[in-house]
1. Among Arg14, Arg75, Arg40, whose mean-square fluctuation peaks in a Gaussian network model of the chain (Cα, cutoff 10 Å)?
2. May I ask you to compute the full-extension gain from Gln119 to Thr78, defined as 0.36 nm times their residue separation minus their alpha-carbon distance, rounded to one decimal in nm?
3. Looking at the calculated P(r) for segment 46-92, what percent of the C-alpha pair distances fall above 13 Å?
4. Angle between the Cα long axis of helix 100-120 and the longest principal axis of the chain, 0 to 90 degrees, nearest 10?
5. In Å³ and rounded to a whole number, note down the convex hull volume per residue for the Cα atoms of the chain.
6. With the cut-off at 18 Å, report for segment 13-73 the share of all Cα pairs above it, as a whole percent.
7. Given the -39500 (n - 2.57) contribution per DSSP H run of 4+ residues, what per-residue ellipticity at 222 nm results for the chain, rounded to the nearest 500 deg cm²/dmol?
8. Cβ neighbours within 10 Å, averaged per peptide: list 49-59, 95-105 in order, most packed at the top.
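Derivation of every value follows stated rules applied to the coordinates shown; laboratory data play no part. Note that the coordinates shown come from a computational prediction; the quantities given were computed from them, not determined experimentally. Using ideal geometry, Cβ is built from the backbone for each residue, glycine included, and neighbour counts are taken over all protein chains shown.
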Amino acid sequence: MDGTKRRLGDRRGRPRFEIVGQLWGALESVEPLRLHNLSRGGALIESRVPLQPESIHRLRFAYRGQVSDLQARVRHVTPFSTASMHDRFLVGVEFLALPSAALGQIDGLVAAHIESSDQSGESH
């Protein structure tokens, strides 16, 4: 065989370069989160990942075609599971400096929920 034989399991098609010393970087991940409750002050969300208490995250809130980017601080994390889902976490977040557009979206969503609850006879 020739000298270009790749090791078993090495599937790289392009060359890689060795980094000498430290190279800092960031990794961003986007994951849809189930919203359990919401207020102007914060939210309770469901996550597959146990977010670190006191950490700050950027969230994207979309409602009726409007999108707002928010910052939130994790205040508490509670593990839970159901018969069909395991390793889930309820994460309480506090919103930091909400933009006015986001306040309008939250108020609209809460009002719509109250109205639909009133029509169906549910309690708030």
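1. Fluctuation is largest for Arg14.
2. Fully extending the segment from Gln119 to Thr78 adds 11.5 nm.
3. Cα-Cα pairs of segment 46-92 separated by over 13 Å account for 61 percent.
4. With rounding to tens, the tilt is 60 degrees.
5. Cα convex hull per residue, to the nearest whole number: 228 Å³.
6. Roughly 52 percent, rounded to a whole number.
7. -6000 deg cm²/dmol
8. Peptide ranking by packing, descending: 95-105, 49-59.
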